[in-house]
Each structure stands twice: as C-alpha cells, then as structure tokens.
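Report on one structure; see the data block that follows.
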Amino acid sequence: MLGIGTLAKKVFGTPNDRKVKASRPLVAKINALEEEFRALSDDQLRAKTEEFKKRAAEGESLDDMLPEAFANCREGARRAIGLRAYDVQLLGGIFLHQGNIAEMKTGEGKTLVATFPAYLNALSGKGVHVVTVNDYLAKRDAEWMSKVYGFLGLTTGVVHPGQDDMSKKQAYRCDITYATNNELGFDYLRDNMKSDLADLYQREHNFAIVDEVDSILIDEARTPLIISGPSQDRSDLYLAIDKLIPSLPEDAYTIDEKQRSVTFTEEGNEALEQLLHANGLLEEGATLYDPESTTIVHHVNQALRAHKLFLKDQQYIVRNGEVVLIDEFTGRMMSGRRLSEGLHQAIEAKEGVQIQPENVTLAQVTFQNYFRLYNRLSGMTGTAMTEAEEFQEIYGLGVVEVPTNRPIARKDEDDAIYRTAREKYEAIVEEIKVAHAKGQPVLVGTTSIEKSELLSQLLTQAGLPHNVLNARHHEQEAQIVAEAGKLGAITIATNMAGRGTDIKLGGNVEMKVMEALAANPEVHPDTLREKIEAEHAAAEAAVKEAGGLFVLATERHESRRIDNQLRGRSGRQGDPGRSSFFLSLEDDLMRIFGSDRLDKVLSGLGMKEGEAIVHPWVNKSLERAQAKVEGRNFDMRKNVLKFDDVMNDQRKLIFKQRREIMETTDVAEIAQDMRYEVIEDLVTKYMPPKTYADQWDTEGLKAACREQLGVDVPVDEWAAEEGVDDEHIIERLEQATDAAMAEKAAAFGDDNMRLIEKQILLQTIDGKWRDHLLRMEHLRSVIGFRGYAQRDPLNEYKNEAFGMFEALLDGLREEVTTTLARVRPMTEEERQAQIALLQQQMAAQQQQVDAAVHEAEAALIEEPAEAPAGRLPGFDENDPSTWGNPARNAPCPCGSGKKFKHCHGEIA
Ligand code: ADP
Ligand code: MG
C-alpha cells in the first residue's frame with residue numbers, strides 16, 4: 001500500500017520534478033538550435049562569442065542569451081574535446097546558471113556541465129571562478145576544459161599555491177579561472193593587505209561554480225581560513241604539562257565520545273591541583289579557580305584532550321617529525337593544517353616531536369563569508385539533498401536533483417548487521433572472496449586509516465590481492481582510483497579518497513593510452529589508441545558481466561551524505577553495480593547513537609554466531625540516528641557562524657574603507673575629516689559641554705594640541721577671550737591645523753604629501769585591524785563567562801564587539817592624525833631618505849604578509865572544537881574559569897548532572 005505522501009507525489013510530482021519540468025522547454029530550445037550551430041565553421045562559432053559579448057555589453061540579459069550560448073558551447077565542446085553534452089547536462093548547466101546546486105551523480109560529467117554556465121557568465125567580461133577541492137583537480141579540469149573555452153575564443157587560467165605574482169594576476173584576469181577554495185580565500189585575504197591597486201590579484205566576485213560543493217561549503221566550512229604569524233616559543237610549558245597527564249588517576253576525568261569532550265572530575269581537579277603544585281606550575285597558595293590560573297588550566301585541558309581524544313593514526317599521523325591531521329570525512333592528510341589554541345602543540349608534546357610555535361591571527365575569513373561575496377554562487381556534487389536545508393539557510397542556495405542520463409541500475413542492498421566487529425569482518429572477507437572469484441571489482445569503504453589497514457591485513461591473510469587508498473598514499477590516489485574498476489580489482493579506501501576521479505568499468509582508457517604512449521614512443525598514437533580501445537571494450541564487457549563495481553561499506557558514517565558518496569561510486573551512466581553496508585553492534589555509530597529500541601529489538605532476535613540481520617527497518621532506524629547527528633552538527637555550525645557574522649560585518653566595512661582609500665589618489669580630505677573629529681573629541685574632553693570657562697582645562701588642551709595635533713597654539717588665551725565658546729575653539733583649531741598641514745604639503749610637494757597620507761592611512765588601518773582581531777578572539781573566549789549570568793551571550797558579544805569596533809575607529813583617527821602631525825617638512829636629502837624608508841617599510845610589510853601567507857597556505861588552522869549545541873564558543877566544561885557565575889540551583893556546567901551548589905559550587 002502506498003503512503004499518502006507517496007501517493008501525492010505520484011499525482012502531483014515532487015517540487016524537484018516541477019523544477020526539472022520547468023526547465024525542459026529551455027533544453028528543447030537549445031536542442032532546436034543544434035543543427036544551426038553545427039552548420040557553422042570553427043571561426044563562425046568563435047565569432048558568435050564576440051557577438052554575444054557585444055550584446056551583453058549592450059544590456060541584453062544573460063538569461064535571454066542562454067539558449068544560443070549553450071548551443072554554441074555544446075557544439076564547441078563537441079568539436080574541441082569530442083563530447084556532445086547530454087540533455088541532462090544542459091539541465092544541470094541551466095540550474096547552475098540560475099544560482100542553484102545541481103545534484104548530479106558521479107560520472108554524469110559535471111566537469112563538462114560547468115562549461116555551459118561558465119561560458120555564458122564569462123560573456124559579461126566580469127570573470128567566472130570554477131572552484132575545485134584540490135590543486136590537482138583545478139589543473140586537470142582547467143587543462144581539459146580550456147580546450148573548449150579556447151576553441152570558443154575565451155581565456156582560461158589556473159590559480160595555484162606558490163604561483164608567481166604575474167602569472168597569478170594573469171590567471172585572475174582570464175575569462176574563466178579554475179582554483180581551489182583555499183587559494184581563492186587566501187588571495188582574497190592577501191588582497192586586503194595590499195596597498196597598491198595594481199598589486200591586487202582578484203577582480204570583482206562575480207560568479208562562482210563550486211565543484212564538490214558539499215565538501216567545500218559544508219565539510220571544509222567548519223574551519224576558517226587564517227593567515228597568521230608565529231608568536232613566542234612556549235615549548236617548555238607544553239612539555240611540563242604533558243608530563244603530568246599520564247600520572248593522573250583513571251577517575252580524574254570522564255570522556256564523552258558523543259560530544260568529543262573530556263572533563264575533569266572533582267577528584268581530578270584535586271589531583272591536578274596537587275600535581276601542579278608539586279611541579280611548580282601553580283604557585284604556593286594558588287588554586288585552579290584563581291583568574292591567574294586561567295592559562296595553565298587552559299593548557300592542562302588541551303593536554304588532556306590531546307591524550308584522550310586525539311589518537312595516533314585516527315585523528316592524526318606522525319610523519320617526518322610532524323603531527324599531521326587526518327580529515328575525518330576523507331581520511332586524507334590535511335598537511336599543514338593545525339589545531340588552534342595550543343591543542344596542536346599539546347599533541348606535539350605528547351608525541352615527542354618538535355613543538356612549533358603558536359600563531360597569532362593576521363587575517364581570517366570563513367568559507368561561508370568568502371563565498372557569500374559572489375554576486376551569484378552555484379555548485380554541483382553527487383550528494384547535496386540531505387543538506388538542502390543548510391545550503392538554503394546559510395548560502396541561499398537551492399538544491400535541484402538532476403535526473404541521471406541513464407536509469408541507475410545499481411542495486412543498493414539493505415544493511416547487514418552482525419553482533420560483533422569480528423563476525424562482521426569475517427563476513428566481509430568472505431563476501432569479497434566471492435566477488436573476486438567471479439572477477440567483480442570491489443571498492444571497500446572504511447572510516448579510518450586504522451580500519452583500512454586492519455582490513456588490508458585480513459585480505460592479505462586470505463590471499464586476496466588489493467590496493468589501499470588512504471591518507472598515506474594520497475599522491476597516487478588518482479591512479480589507484482582509475483584502476484579500481486578493472487576486472488578483479490580490490491580497492492580499500494577511506495571515505496571519499498580520490499574524489500573527482502571517476503571509476504570506469506574495465507579501467508580508464510585515457511590513462512592506459514597515456515601509459516602506452518610513454519612506454520612505446522615509436523608506435524603511432526592513433527594505432528596505439530585503437531588497440532587499447534579495443535582491449536578496453538572487451539575488459540569493460542567482462543566487468544559488466546561480473547556485475548559491475550561492488551561497493552562494500554564497512555561502517556556507516558555520521559552523515560548520510562558521506563555514505564551516499566561512497567555508494568555513488570558504483571553504477572555510473574547506467575552501469576550495473578551493487579552496494580552493501582556491513583555493520584556490527586560494536587560500530588561507533590551504533591554504540592554512540594543507535595537507539596535503545598534498536599538494541600532491544602536486535603538482541604531480542606537472539607542472533608547466532610556469524611549470522612546477520614538484514615531488514616529495511618534497521619536501515620530506517622539508522623538513518624534516523626544519522627539525521628539526528630547531522631542536525632546537531634548543523635546547529636553547531638550555525639552557532640559558530642552567528643558569532644563570525646559579527647566580525648564579518650566589521651571586516652567588510654574595514655576592507656571597503658581600505659579599498660576606497662586605495663582607489664582614491666587624493667586622500668587629504670579623508671585625513672582632514674579624521675583630524676576634525678579628533679579636534680572635536682579633544683575639545684569635548686577638555687572643555688566638556690555645559691560647563692563654565694573656569695571649569696575648562698585649557699592648559700591640558702594646549703598640551704594635547706601640541707602632542708596630538710602638532711600645533712602650538714594659545715588655546716588658553718583664546719579661551720580667556722570674552723564670549724568664546726567651544727565652537728570657536730574648534731574652528732580656530734581646524735584653521736590652525738589646516739595651515740600647518742598646508743605648510744607641510746608645500747614642503748613635501750603635493751604629490752609626495754598625498755602619497756605619505758595614503759600610506760600612513762593604510763598602514764594604520766592594518767595595524768589597528770590586527771590588534772582588533774586578537775581582541776575579538778579573546779572576547780569570544782571570555783564571553784562564555786556571561787552565559788550563566790542569565791544574559792544572551794550572542795547579544796553580549798555583539799554589544800562588546802561594537803564597542804571595540806568604535807574604539808578601533810577612534811584609535812585609528814587619533815593615530816593617523818598624530819602620525820601625520822609629526823611628519824615634518826625636510827630637506828631634499830631627508831625627503832629622499834623618508835621616501836626610501838617608507839618604501840622599505842612597505843616592502844617589509846609586504847614581505848611579512850607574503851611569508852605569513854606562505855606559511856598559512858600550508859598551515860590551515862583548525863577552529864577550536866565546536867561547543868556543544870546551546871553552549872558558547874569559549875565555554876569549556878572542564879574549565880570552571882569559563883563558566884561565569886552559574887546559578888546555585890542550576891545544573892553544574894561540568895555536566896555531572898548534579899546541581900551546581902552540590903558540585904563545583906559547593907561551599908567548603
Ligand atoms: P563527474 O564529475 O560528474 O563525476 P566527470 O566530469 O569526471 O564526472 O566525467 C566523467 C566521465 O564522463 C569523463 O570521462 C568524461 O569524459 C565523460 N563524459 C562527460 N560528459 C560526457 C558526454 N556528454 N558524453 C560522453 N562522455 C562524457
Ligand atoms: Mg567531478
């Protein structure tokens with residue numbers, strides 16, 4: 001029997017069906033133009049591009065030009081790379097142009113899909129960015145698709161780390177630019193630290209197509225991009241604290257796997273205090289609860305987390321004396337990415353490797369806020385639907401599921417659940433044996449390096465030859481993945497290793513051709529290709545005969561999306577295939593999130609040794625558990641973002657101001673406005689409104705004018721004159737300083753003066769902004785204190801941040817004014833020296849920025865682990881100093897479940 005929902009969908013169609021249907025007429029229009037464009041010569045196709053550009057410049061909308069532009073692009077691609085886009089690919093292209101996420105399965109040809117909206121939007125001349133997850137893919141896709149763009153008369157560029165200035169600028173000036181999200185974000189930050197317009201890399205943020213969009217906008221968006229510089233070395237502290245952790249008794253802490261947190265117990269706090277005293281880390285008489293102990297408590301907490309929550313070969317590996325994090329989703333090494341707030345250093349201390357200095361932030365942006373800069377944003381991926389709400393809410397992106405070119409023939413089996421992990425693995429090995437015997441290629445998905453290696457051992461014992469694809473081999477990833485569809489291949493992979501590389505049944509023809517060409521340079525390429533294609537056709541048929549690619553997952557991931565990605569590796573373009581999940585009651589997800597009900601039902605069934613339960617109900621139940629986790633993770637990301645939004649508004653303002661200054665040749669007026677405001681502030685301070693002349697501190701004002709405005713004027717005499725009020729004084733000070741500045745300008749030469757003003761403005765903004773960033777970080781960590789004072793922490797944060805921003809602007813005005821007041825006219829010699837010095841300073845600053853960016857490029861810093869939902873960033877349940885003043889009857893923030901007054905708040 002059909003449910004009501006299913007029935008309604010049958011009758012009315014889903015919203016997705018309607019979106020797809022609505023775009024069909026556009027596809028029909030493009031198809032109708034196909035003949036016409038096919039009749040054009042290569043030159044005529046190129047001339048079309050010129051014509052479209054002209055029409056766009058004259059105001060014709062891109063929407064109106066879409067059918068013709070797509071028809072031209074389809075024909076161009078057919079001629080340039082031999083691929084004629086399927087109708088569903090045009091559909092995907094349309095949705096991208098409209099600013100959606102096109103969900104298109106693996107192997108549907110998304111690389112080609114992107115060329116359509118890229119071509120169309122490039123006609124505006126404002127540039128298009130195609131965003132990929134790694135540099136290898138940016139280069140590969142750009143090389144491949146530039147043939148299409150070039151054929152149609154458009155330019156293509158690739159941006160990559162370590163590129164020289166000239167070629168990077170050039171790449172950004174191309175019609176279409178391929179780059180990774182990281183490099184785009186870094187270049188944006190870098191641009192905002194430059195002082196010359198001609199040095200900017202990026203143009204406006206016009207249109208972006210983000211490939212593997214879920215990976216970039218959801219998984220990677222958990223970590224902001226940070227450019228930072230090193231601070232002082234505190235290795236000794238880390239080492240000293242690290243030594244303490246192993247001597248803590250078992251009952252000193254509790255570990256909560258669900259929240260990924262570890263908390264000191266009451267006993268633990270006592271033991272810790274004693275240890276710290278004994279080791280001289282806490283002064284005589286001091287307690288953990290003293291404000292002065294905050295730093296030490298913070299580092300002890302980080303050390304405890306380093307020991308208990310970060311396990312070698314799971315969360316990180318040690319390679320070449322460095323602690324390298326592993327992406328929990330992809331299982332890949334995140335080279336250079338570092339945990340922040342001393343956590344990475346704590347792990348380094350634990351592993352006994354060199355402790356690298358902590359960094360301070362010079363500039364920072366989240367991917368959410370970077371990608372919101374674009375006038376139009378779009379994305380594509382095989383798996384977006386499960387996260388549709390987040391895409392909508394955070395990025396305003398709708399998700400449209402594009403039908404596959406051919407019906408999916410893959411069979412997705414119900415999960416098989418075993419009692420123990422051992423039984424599960426035995427069953428897995430058996431299953432692989434069976435598939436291998438008939439030549440069916442198997443892709444085995446695991447959730448960690450450790451597990452992929454365990455499985456590898458089991459397969460070796462069983463005499464099954466296989467490849468392992470995990471963080472340690474990521475260089476050869478593309479190669480191994482391309483082979484994964486060969487007859488009898490067995491490939492073990494951590495979740496999405498090798499993303500972006502298509503698994504073709506029978507292997508990858510292009511790769512085989514390349515290899516053959518390299519090995520047989522004497523044979524004619526065409527002959528070789530023909531031979532290899534024939535061989536490949538036979539191999540492909542054999543693999544299809546054996547059932548196509550078998551995806552065998554050994555665990556369910558926290559997120560359904562990641563499971564779907566794995567499944568989607570099989571059954572591309574209507575290929576036969578099969579996917580199956582092998583689970584056990586001992587799996588992390590089952591242990592931590594499985595419902596009691598599931599447990600009861602399963603144990604009630606009285607499973608026998610080696611037997612599995614397979615039932616659709618189990619799948620449903622697991623998916624519900626996953627959805628719950630996904631929701632919680634989304635809430636956490638939203639909360640982090642709310643806090644970041646506050647700073648983002650400020651950043652936008654500062655960057656905009658900065659940009660305006662860069663674009664203005666004569667900033668004298670800006671400097672003058674600043675000076676006038678400083679004058680007003682000074683007068684208000686020394687001659688407060690509604691006070692009498694005898695209450696004025698004119699001596700103080702006189703001194704301040706000399707000090708800050710660089711003018712020696714008889715304010716005291718002015719104030720003593722009959723009928724003079726603050727307005728008069730302000731006016732006279734304005735005149736006096738104007739005259740002084742004019743004198744300076746005359747001495748410097750007007751042009752030089754403008755140059756000096758500009759540099760001073762920009763340098764001061766940068767310095768102030770950096771200080772502000774650091775202060776905002778501190779604010780964020782202490783704001784947790786106030787959560788328990790019954791006030792809304794976000795509001796508190798906003799208010800304080802606003803106050804700090806006002807202080808930043810005040811300070812900026814004062815510093816610019818004072819600095820300018822102190823610049824004095826000089827002899828020609830001095831003048832030259834001054835200019836040289838300024839240039840040197842600028843160069844030094846630029847160098848520092850470059851070095852920092854260089855560092856950051858490798859070193860992406862991880863956000864502190866997210867606070868549990870409803871809690872604040874900065875709140876740490878192990879660290880009472882972050883709790884503020886909990887109500888005596890409220891539950892204790894440590895999570896013990898006891899009331900505060902009976903727990904940490906107990907009065908001895
Ligand atoms: P996706 O990113 O969607 O997984 P890719 O862009 O990597 O897919 O393309 C997968 C394969 O499909 C590539 O080898 C490509 O050459 C091929 N392909 C794409 N579009 C077409 C087409 N219209 N006709 C034939 N082959 C195509
Ligand atoms: Mg792809």
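Quick check: anything in the stretch 514-522 at pLDDT 85 or above and either at positive phi or within 16 Å of ligand 2 (Cβ to nearest atom) (or both)?
The answer is no, given that none of the residues of the stretch 514-522 is at pLDDT 85 or above and either at positive phi or within 16 Å of ligand 2 (Cβ to nearest atom) (or both).
Name, by its number, the condition in (1) within 28 Å of ASP191 (Cα to Cα); (2) open to solvent by less than 10 Å² (accessible area, probe 1.4 Å) that does not hold for LYS758.
Looking at each condition in turn, LYS758 falls short on (2).
Does GLU36 satisfy being away from ligand 2 (no atom under 16 Å from the Cβ) and either among the small types (Gly, Ala, Ser) or assigned to a helix (DSSP H, G or I) (or both)?
yes
Please find, among ARG780, ARG770, ARG786, the residue that is at pLDDT below 85, open to solvent by 30 Å² or more (accessible area, probe 1.4 Å) and in contact with a Phe, Trp or Tyr (Cβ under 8 Å, 6 or more places away or on another chain).
ARG780 is the lone residue from the list that is at pLDDT below 85, open to solvent by 30 Å² or more (accessible area, probe 1.4 Å) and in contact with a Phe, Trp or Tyr (Cβ under 8 Å, 6 or more places away or on another chain).
Evaluate the following for GLY488: is it crowded, with 21+ Cβ neighbours inside 10 Å and outside the structural domain of TRP144 (by TED's automatic domain parsing)?
Judged against the criteria, GLY488 is not a match.
Can you confirm whether PRO161 is out of contact with any Phe, Trp or Tyr (no Cβ under 7 Å at 6 or more places or on another chain) and more than 16 Å from ligand 2 (Cβ to nearest atom)?
yes
Against the condition surrounded by fewer than 20 Cβ atoms within 10 Å (Cβ to Cβ) and either polar (S, T, N, Q) or not assigned by TED's automatic domain parsing to the domain that holds SER448 (or both), how does ASN301 come out, does it pass?
Against the criterion (surrounded by fewer than 20 Cβ atoms within 10 Å (Cβ to Cβ) and either polar (S, T, N, Q) or not assigned by TED's automatic domain parsing to the domain that holds SER448 (or both)), ASN301 does not qualify.
Quick test for you: out of VAL429, VAL442, VAL434, pick the one residue that is closer than 24 Å to ASN467 by Cβ, assigned by TED's automatic domain parsing to the domain that holds GLY507 and touching a residue at least 60 places away in the same chain (Cβ under 8 Å).
VAL442
Give THR155, THR177 a once-over and let me know the one that is on the phi < 0 side of the Ramachandran plot, more than 16 Å from ligand 2 (Cβ to nearest atom) and either at pLDDT below 95 or open to solvent by 10 Å² or more (accessible area, probe 1.4 Å) (or both).
THR155
Go through the stretch 9-27 residue by residue and tally those that are within 26 Å of ILE81 (Cα to Cα) and loosely packed, with under 12 Cβ neighbours inside 10 Å.
Here the count works out to 0.
Mind checking which pairs have a first residue in the stretch 163-191 that is free of Cβ contacts under 8 Å to residues at least 24 places away in the same chain and closer than 19 Å to SER124 by Cβ and a second that is open to solvent by 10 Å² or more (accessible area, probe 1.4 Å) and part of a strand (DSSP E or B), Cβ under 9 Å, 6 or more apart or different chains?
Short answer, once both residue conditions are applied: ALA171/THR156; ALA171/VAL158.
Go through the residues of the stretch 62-85 one by one and say whether even a single one is within 16 Å of ligand 2 (Cβ to nearest atom) and within 31 Å of the chain's Cα centre (by Cα).
No, there is no match, as no residue in the stretch 62-85 is within 16 Å of ligand 2 (Cβ to nearest atom) and within 31 Å of the chain's Cα centre (by Cα).
Only residues that are assigned to a strand (DSSP E or B) and either touching a His at 6+ places or on another chain (Cβ under 6 Å) or within 22 Å of PRO357 (Cβ to Cβ) (or both): list them for the stretch 209-246, please.
The answer is LEU225, ILE226, ILE227, SER228, GLY229, PRO230.
Between ALA47, ALA85, ALA39, ALA80, which is more than 16 Å from ligand 1 (Cβ to nearest atom), closer than 15 Å to LEU152 by Cβ and out of contact with any Asp or Glu (no Cβ under 7 Å at 6 or more places or on another chain)?
ALA47
I'm trying to understand the selection: among the residues of the stretch 42-87, which are in a helix (DSSP H, G or I), open to solvent by 10 Å² or more (accessible area, probe 1.4 Å) and not charged (D, E, K, R)?
GLN44, ALA47, ALA56, ALA57, LEU62, PRO67, ALA80, ILE81
Which residues, counting only those in the stretch 612-669, are within 22 Å of the chain's Cα centre (by Cα) and among the aromatic types (Phe, Trp, Tyr)?
Correct list: PHE634, PHE643, PHE655.
Counting only residues that are open to solvent by less than 30 Å² (accessible area, probe 1.4 Å) and touching a residue at least 40 places away in the same chain (Cβ under 8 Å), give me the helices (runs of 4 or more DSSP H) lying completely in the stretch 491-593 with at least 3 of them.
560-567
Could you list all residues from the stretch 89-114 that are more than 8 Å from ligand 1 (Cβ to nearest atom), open to solvent by 10 Å² or more (accessible area, probe 1.4 Å) and in a helix (DSSP H, G or I)?
none
Restricting attention to helices (runs of 4 or more DSSP H) lying wholly within the stretch 115-208, give those where 1 or more residues are closer than 28 Å to GLU50 by Cβ, within 16 Å of ligand 1 (Cβ to nearest atom) and within 24 Å of the chain's Cα centre (by Cα).
Here the list reads 135-151.
Which residue pairs have Cβ atoms under 9 Å apart, sit 6 or more places apart or on different chains, and have a first residue in the stretch 403-422 that is without any contact (Cβ under 8 Å) to a residue 24 or more places away in the chain and a second that is among the β-branched types (Val, Ile, Thr) and surrounded by fewer than 19 Cβ atoms within 10 Å (Cβ to Cβ)?
If the second residue must be among the β-branched types (Val, Ile, Thr) and surrounded by fewer than 19 Cβ atoms within 10 Å (Cβ to Cβ), no pairs are left.
Outside the structural domain of ASP502 (by TED's automatic domain parsing) and within 14 Å of ALA28 (Cα to Cα): which single residue out of LEU96, LEU66 fits that description?
LEU66
The values are calculated or read from the model by the stated rules, or taken from the named source; none is laboratory data. Predicted, not measured: the structure shown is a model, and the values here were computed from it. Cβ: placed from backbone, ideal geometry, glycine included. Neighbour counts: every protein chain shown. These accessible areas exclude ligands, DNA and RNA; they are computed on the full protein's heavy atoms, side chains included. Shrake-Rupley method; radii C 1.70, N 1.55, O 1.52, S 1.80 Å.
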